[in-house]
Amino acid sequence: MAAHSEALVCGRYRLSLDRPLVMGVLNITPDSFADGGVFLDLRDATDRVRQMLGEGADIVDIGGESTRPGAVPTPEAHELDRVIPLLENIRPSCDARGVPISVDTRKPVVMRAAIAAGASMINDINALRAPGAIEALSEGSAAVCLMHMQGEPATMQHSASYEDVVADVAAFLAERASACLAAGIDRHRIVLDPGFGFGKTVEHNLTLLRRLTEIAALGYPLLAGLSRKSTIGVLTGRNVDDRMAGSVAAALAAVARGAAIVRVHDVRETADALKVWRAVEGEQPRVL
Ligand code: HH2
């Protein structure tokens, strides 16, 4: 189980990492692999975020660009039009619950606009490699999730190859964390993510999951995003909308190997599974 005694500085929030946290995902896109087209309507998206808050989300992650394998990049203006109104809509409910909002984006303009509109975290699958991205984060106190990806979403699943996937991913993440530190981003604002499914075969993903403690040893909180991904589909033979149980199992496996945050579509089920998990691990259960 994650044993971080520290807290994550997340804008105006300090998230205690003494228990694993659930990050609820909502994509306001036509083409996301799990929920694409479901929450295009702003009201539906807002309602789903409120529902996730009730289900136990510790962080809400909203995205306006799909990065599934084969995805076509979203123009900046479209991404802003999707994300900022939703952010403004959900902010009062999130603030009332003390739940930080994360924005999943690779674009510095969107990062800056999101932070200005109240986002407390930027979740970047590109690990702040775009020109101007580190600068967008270096002022202020928003947290950043640096994720590993080999290649680009459009082609990343065509020829994934590594010397040693765990060592290669760890070296990349260590370099990106150092770049952030050098730019003045405090280490307590940094989260690392091995990027399950981003330029990785099923075997790469399983190896990373089995050896996640080696990435946790870098000393930063780890985020793991396996929810409904194709590896779960391959292992279970289930379609994307029928992968909840497999995803919960993967989330628990990640937490057992040091993940501090799990990024999931099924908030309620994951939060329940983690409650049982924590009770088994010795924490006093809250009797309902
Ligand atoms: N996975 C997805 C998107 N963003 N961010 C992090 N940090 N880690 C992940 O594993 C991760 C991520 C893909 O999932 P989803 O957002 O549901 O799909 P899409 O990219 O098609 O919108």
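Per DSSP helix of 4 or more residues, -39500 (n - 2.57); summed, then divided by the residues of the chain. What does that give at 222 nm, rounded to the nearest 500? Please list the in-between numbers first.
Details: 10 runs with 117 residues, N = 288.
Dividing the helical sum by the residues of the chain leaves -12500 deg cm²/dmol.
Sorting I185, I84 by accessible area (1.4 Å probe), largest first, what list results?
Details: I185 5, I84 30 Å².
Final ranking, largest accessible area leading: I84, I185.
Once you order the gyration tensor axes a ≥ b ≥ c over the Cα atoms, which shape class does the chain get: rounded for a/c under 1.5, otherwise prolate or oblate by comparing a/b with b/c? Walk me through the numbers on the way to the answer.
Numbers: a/c = 1.12, a/b = 1.04, b/c = 1.08.
Since a/c stays below 1.5, the shape of the chain is classed as rounded.
Could you grab the relative contact order for region 129-221? Cα pairs under 8 Å, six or more apart, rounded to a whole percent.
Numbers: 105 pairs, mean separation 37.5, N = 93.
Here the relative contact order equals 40 percent.
In region 68-132, which GluC sites (Glu not before Pro) fall in coil by DSSP and have 15 or fewer other Cβ atoms within 10 Å? Write down the numbers at each step before the final one.
On the way: sites: E76, E79, E88; in loops: none.
Listed in order of number, the matching sites amount to none.
Which percent of the accessible area of the chain is formed by carbon and sulfur heavy atoms (probe 1.4 angstrom)?
Working: 6200 of 11930 Å².
It is 52 percent, rounded to a whole number.
Using Cα pairs closer than 8 Å and at least 6 residues apart in sequence, work out the relative contact order for the chain, in percent. The partial results should precede the final answer.
Values: 593 pairs, mean separation 57.7, N = 288.
The normalised contact order for the chain reaches 20 percent.
Ordered by residue, what ³J(HN,Hα) values in Hz, to whole numbers, does region 114-124 give under the Karplus form 6.51 cos²θ - 1.76 cosθ + 1.60, where θ = phi - 60° and Gly and Pro are x?
Using θ = phi - 60°, the values come out as 5, 5, 4, 8, x, 5, 9, 8, 10, 10, 10 Hz.
What does the convex hull of the alpha-carbon atoms of region 108-174 project to on average, in nm²? Don't skip to the end; give the middle numbers.
Numbers: hull surface 20.9 nm².
Taking the Cα atoms of region 108-174, their convex hull projects to 5.2 nm² on average.
Going by a ≥ b ≥ c, the root eigenvalues of the Cα gyration tensor, does region 157-288 fall in the rounded group (a/c under 1.5), the prolate group (a/b larger than b/c) or the oblate group?
Working: a/c = 2.11, a/b = 1.18, b/c = 1.79.
Cα axes put region 157-288 in the oblate bin.
Along its three principal axes, how long is region 22-109 when you only count alpha carbons? Whole Å, largest extent first please.
35, 25, 22
Among the trypsin sites (Lys or Arg not before Pro) in region 215-288, which ones are in a DSSP loop with at most 16 other Cβ atoms within 10 Å of the Cβ? Mind listing them?
Details: sites: R228, K229, R238, R243, R257, R263, R268, K275, R278, R286; in loops: R228, K229, R238, R243, R257, R286.
Sparse-neighbourhood loop trypsin sites (Lys or Arg not before Pro): R238, R286.
When the dipole is taken about the Cα centre of the chain, and only Lys, Arg (+1) and Asp, Glu (-1) are charged at their Cβ, what size is it in debye, to the nearest 20? Display every interim value, and only then the final one.
Numbers: 30 positive and 36 negative charges, 93 e Å.
The dipole magnitude comes to about 440 debye.
Apply the a/c threshold of 1.5 to the C-alpha gyration tensor of region 198-271 and tell me whether it is rounded, prolate or oblate.
Details: a/c = 2.32, a/b = 1.36, b/c = 1.71.
Note, shape of region 198-271 comes out oblate.
May I have the convex hull volume per residue, in Å³, for the Cα set of region 76-145?
Working: hull volume 5.1 nm³, N = 70.
Output value, Cα hull per residue: 73 Å³.
Could you tell me which residue out of L8, Q150, N126 lies farthest along the dipole of region 1-153 toward its positive end? Charges go on the beta carbon: Lys and Arg +1, Asp and Glu -1, centred on the Cα centre.
Most positive-ward Cα: L8.
Considering only region 1-108, what is the antiparallel percent among its DSSP beta bridges, to the nearest 5? Before the final figure, lay out each step's value.
Values: 4 of 13 bridges.
Among the beta bridges of region 1-108, antiparallel pairing accounts for roughly 30 percent.
The values are calculated or read from the model by the stated rules, or taken from the named source; none is laboratory data. In this text the structure is predicted, and so the values were computed from the model without any measurement. Note: ideal-geometry Cβ built from the backbone for every residue, glycine included; neighbour counts use all protein chains shown. Remember, those area values only see protein heavy atoms, side chains included, never the ligands or the DNA or RNA. Shrake-Rupley method; radii C 1.70, N 1.55, O 1.52, S 1.80 Å.
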